[in-house]
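The values are calculated or read from the model by the stated rules, or taken from the named source; none is laboratory data. What you see is a predicted model; the values in this text were computed from it and never measured. Cβ coordinates were reconstructed from backbone atoms using ideal geometry, including for glycine residues, and neighbour counts include every protein chain displayed. For accessibility, only protein heavy atoms count, side chains too; no ligands or nucleic acids. Shrake-Rupley method; radii C 1.70, N 1.55, O 1.52, S 1.80 Å.
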Amino acid sequence: MVIFWGSQSGTAERMANRLAKECHQRFGLKVLSVDTSDYEFSTVSQVPRTKLVIFMASTFGEGDPSDNLHEAYSWLQSTSDKPLAELKYMAFGLGNSNYKHYNEIIKVVVDRLDALGAQPLLPTGMADDAQGETEEHYL
């Protein structure tokens, strides 16, 4: 399992690392938690079909990706065809519904993943910090 995270303040990073640790401890899975900026995102299509990918991203400012998500976000926006037809994924966004662009980044990421042929395994989860329910939504 690979968890790609995009985080501006560190919340998505902490949650991704926590999820990786929990999956390893509870299920014995080998899990890699990855800062998206440390990965050549164009190679995400090479993740084996037998592996699950989780995308965890926060929305920053006025609907902008976090600094470490820019390259992956650009690749998703500029790629066409169906290079991700073998990719199985889940997604979780962190946002605040007091802002106009609530969880915008994870919505765009999921739309682009789907357009590129990736297969979602569950509906996208979205945490809402305005309601103080980020932890509950994570769980």
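Miscellaneous remarks
- Square roots of 5 times each gyration tensor eigenvalue, C-alpha, region 98-139, largest first, Å: 23, 14, 4
- Protein-only accessible surface order, largest first, of R18, R49, R112, R26 at 1.4 Å: R26, R49, R18, R112
- Considering only the chain, percent of DSSP beta bridges that pair antiparallel, nearest 5: 10
- Accessible area per residue for region 64-139, computed on protein heavy atoms with a 1.4 Å probe, is 52 Å².
- As a ratio to 2.2 N^0.38 Å, the alpha-carbon radius of gyration for the chain is 0.98.
- Amide H partners (placed H, <5 Å) of L87, local residues excluded: Q119
- Distance between the pseudo-spin-label points of R18 and D111 (7 Å out from Cα toward the beta carbon): 2.9 nm.
- Nearest-10 value in Å² for the accessible area of F55, using the 1.4 Å probe: 10
- The residues D129, D114, sorted by heavy-atom accessible surface at 1.4 Å with ligands and nucleic acids left out, run D129, D114 from largest to smallest.
- Taking label positions 7 Å along the Cα-Cβ direction at both E133 and K100, the computed distance is 2.5 nm, reported to one decimal.
- Each residue of region 47-100 gets 98 Å³ once the volume of the Cα convex hull is shared out per residue.
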